[in-house]
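Working notes for the structure below.
The values are calculated or read from the model by the stated rules, or taken from the named source; none is laboratory data. Note that the coordinates shown come from a computational prediction; the quantities given were computed from them, not determined experimentally. Note that each Cβ is placed from the backbone with ideal geometry, even for glycine, and that neighbours are counted across all protein chains shown. We work out accessible area using only protein heavy atoms, side chains counted, and drop any ligands, DNA or RNA first. Shrake-Rupley method; radii C 1.70, N 1.55, O 1.52, S 1.80 Å.
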Amino acid sequence: SGSKKAAASGSGGGGADALASRLVTFRKWLTTEANCTVHPSVCIVNGEATDGTKNAPVLLFGPPPSSTTGDAASSSASGSGGTAGGGTGGSGGGSGGGSGSSVAERRCGLIDRDADRALYDRTMGCQIRAAREIKKDETMMVVPRVAMITPDLVAASDAGRAVLACCQPLDRQQQQQRGQPPNFWDVFENTTIREKIYMGKTSSSSGTQLLVKILQERKKAERVLAEAEKRTGMPEGGYTLAANGTIATRAPLLAFLIHQRFYGDMKPPVKSTTVRSFATDIGTKKEPDASDEVLLPSPSGGTPKSFGPYARTLPSYISIPICWKRNELALLAGCIVGTHPLQKVAARTMQLSADLIALIKGGLLHRFPDVFPPGLITWDRWVWAASVLASRSLPASCYLDRSDGCAADHRTSTVEEQFYSPPEVWDELGVMVPLLDMLNHEGDANQVTWQPPLGADAGQSVESIGENPHDAKAIMHKRVKKGCQIYTSYGVMENSHMVGSYGFAQINNPSDEVKIGWGLFDGVGNVPPPAGYDVSLELEGVEGIGDGGVDLDKQYLVYEAAGNEAATNQWWTDDRLALLQKEAMVDNRFVDSLKAGKKMNALAYSDGNYHPLFLTAAVVATMPPEEVKRQAPILLSPEGAQSSIALTKRHQHVLRRYLIFFLSQKLEKLLQNLNNGLKAHFNNVELWTKATDGGLQYNAADSGSGNAIGWQAFFDSYAYATSMEVEKRYYAMGSDSCVLTLYDGSLRALQVSIDGVRIHDKFAKGVLKQLEDFN
């Protein structure tokens, strides 16, 4: 539906042929209009579709592991091991997702035709490959600054101006106090700050409540949009402008991407001189809007007139959680480790919904038909644009001078180089770099190094330095063989960030971690171990066992005393608390918070390291009483300010056993939670929930302990079903696989931490060495 311009989205049925046409157009636009220089051996490939480069490899794929008719990308992410996906997306006009299905039953952010989605589902997006060998130190591409999508470009665009016009005028008093002319971005609020507001509103919600809230917000946005589309003109009473600071800075960029991707012309202008609706507003204007007061910039000289050819190569779908359907999100809702990621999804969905609804009420759908014809903006396209921005935006440092640490450091030698947008907006939104953002991720095997422009650091002419100081470059730091894929690195990150931003997860990611809470009652002496605790785990290889199996350290052992306030207060004397404050280098408020029964937040890592604050607390908690009496007077005196607790052999034994106890309890609680949460999704699976008998590596055949399955065996059975191997690493691509990999990372962090103290040599090289480094 919609006007001719909104629906005139290209001919043909989509698929490989249509994509190939768009890739050829994009490659031509990249060099002739964006003035980029691309190595002749670099080619874009997506299945049978290529960008026309001679000798470009054609990749033949079979059907995806679990394709689902009408629900594209059911088992794929945005690229093979990364965001890049490049995209099968056409300029197709469908809102995606299928209008006949409930918003709760389908994914959000699905766009384009069925054939486009099917191609994406089969190939998982575009790849950048070498049609011929590319040698080390050769330049992959040269990108002028004007070829990038930047905050300044968005502020200068018709789409940006339309969004601005939906906002109330700036507060004059605040502007006078600032002493600066009104800026486009002054009416918007930092996206992270806006989402934190919604995070606060859902901080006490359960996983199920978060899931319900996400679905409600999706339905709400679609309902408001549908009601607005039924009207042929402005509603009675006109429109209601959005208050300053209620719309996120992300919104103008989302509108820009939608305009460039879906507008009827193949090359919609970034800024047109013939937009009548800016000069003559549709309907009766009740009051001035923000666009009346702001002096808007113009695109920099040399900027492409349109970014449509680039936008039309962006993927049809990006499998990040804000796009997942109900049953995929439910896997996060059922387990405690998934609650925080789900809370982020809820906050982002609530903000996206609020922004779109505010813009609809501000007249975006009716006031600017030359920019946003009827039918151009849909909820799916709004979410699609948000997923594109999350997965493909690059740091502002890609645009800045090589010596700039952040946008505030940027120095200019000419008026043209001056930023219109505030530095904090540049740092927040970053930039989008055509072609570079198609590169998939690989941690070690990547071959591309990005070199930002020299800029003001050049200090010489183009002829003398051999390059334009305003151009950025991608340089090959490794040789790429003919036909091989070219990778970049998105950086070192944990899987929760990978899944949330890119839609994939690295199996056995060494950057994974899990949050653990610790309170004073978690480390108390002179109390028995909890009922049901198997002490055998901490006795393996322990040196404190005498003849006849007598536990020589028994009277010094430390366990938890939850609910036993008397024992906690007796153990945590003033001297022990003072030692904790000194050794942890914290203030009185931190200690008072612990005394009030609150827990501190710490982390367990999967790389063999231990959280410094948690480790320090464990050392103080396990300090034998006589050692507290002996060392406290010295350490708490001015002379002992530079000294630290000296660990006796006995103290080391007790510390080691306490760490095994505490971490194994955390592991078992998490396994129990996962066991309960995963039953409904995996045929009533029964997980082994003990840290004993191998823990995660538990093998029922070896132990003969019933029908339970060890976590590792369960994970191997399900997580690899929708994963792919990239340069000897496996990446989870499907939603279920991604969630299981998230859970696996949390469990591995605890198991690795346990294994690091069970064996004395590891304990000495790990914990004791780390404590020595602290000192």
* Counting only protein heavy atoms and using a 1.4 Å probe, what share of the accessible area of the stretch 635-775 belongs to carbon plus sulfur, as a whole percent? -> 46 percent
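With a 1.4 Å probe and all protein chains in place, put Y198, Y731 in order of accessible area, largest first. Please list the in-between numbers first.
Details: Y198 30, Y731 0 Å².
Largest accessible area first, the residues go Y198, Y731.
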* **Angle in degrees between helix 207-230 and the longest Cα principal axis of the chain, rounded to the nearest 10** => 10 degrees
* To do: Sum up the lysine pairs in the stretch 507-637 that clear both bars: alpha-carbon distance under 24 Å and a spacing of 8 or more or different chains.
  => 10
* Structure fact -> Rounded to the nearest 10 Å², the 1.4 Å probe accessible area of D744 is 0 Å²
* Structure fact -> Between the Cα axis of helix 649-678 and the main Cα principal axis of the chain, the angle (0 to 90°, nearest 10) is 50 degrees
* To do: Quick one: accessible surface of I193, probe radius 1.4 Å, all protein chains present, in square angstrom to the nearest 10.
  => 80 Å²
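How big is the dipole moment of the chain about its Cα centre under a simple scheme where the beta carbon of each Lys and Arg is +1, that of each Asp and Glu is -1, and everything else is neutral? Debye, nearest 20, please. Provide the component values of the computation, followed by the final result.
Details: 78 positive and 84 negative charges, 382 e Å.
With only Lys, Arg, Asp and Glu charged at Cβ, the dipole is about 1840 debye.
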* What ³J(HN,Hα) values, in whole Hz, does the Karplus curve 6.51 cos²θ - 1.76 cosθ + 1.60 give for the stretch 480-492 when θ = phi - 60°, with x put for Gly and Pro? -> 10, 6, 4, x, 7, 7, 9, 10, 10, 10, 7, x, 7
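With each run of n ≥ 4 DSSP H residues scored as -39500 (n - 2.57), what mean residue ellipticity at 222 nm is computed for the chain after dividing by its residue count and rounding to the nearest 500 deg cm²/dmol? Don't jump to the answer; show the numbers that get you there.
Working: 30 runs with 306 residues, N = 775.
Per the formula, -11500 deg cm²/dmol.
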* When ligands, DNA and RNA are left out and all protein chains stay put, how many square angstrom of accessible area per residue does the chain have with a 1.4 Å probe? -> 41 Å²
* Asked: Which value, in Å² rounded to 10, gives the accessible area of Y720 with a 1.4 Å probe and all protein chains present?
  -> 70 Å²
* So for K599, K325, K515, what's the accessible-area order with a 1.4 Å probe, most first? -> K515, K599, K325
* Structure fact -> Flagged as over-length at 22 Å C-alpha distance, from K325/K679; K267/K473; K478/K728, the pairs are K267/K473
* Structure fact -> With Cα coordinates, the longest principal axis of the chain makes an angle with the long axis of helix 15-32, in degrees rounded to 10, of 80 degrees
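Top to bottom by accessible area (1.4 Å), largest first, where do I709, I759, I486 land?
On the way: I709 55, I759 90, I486 0 Å².
Of I709, I759, I486, the descending order of accessible area is I759, I709, I486.
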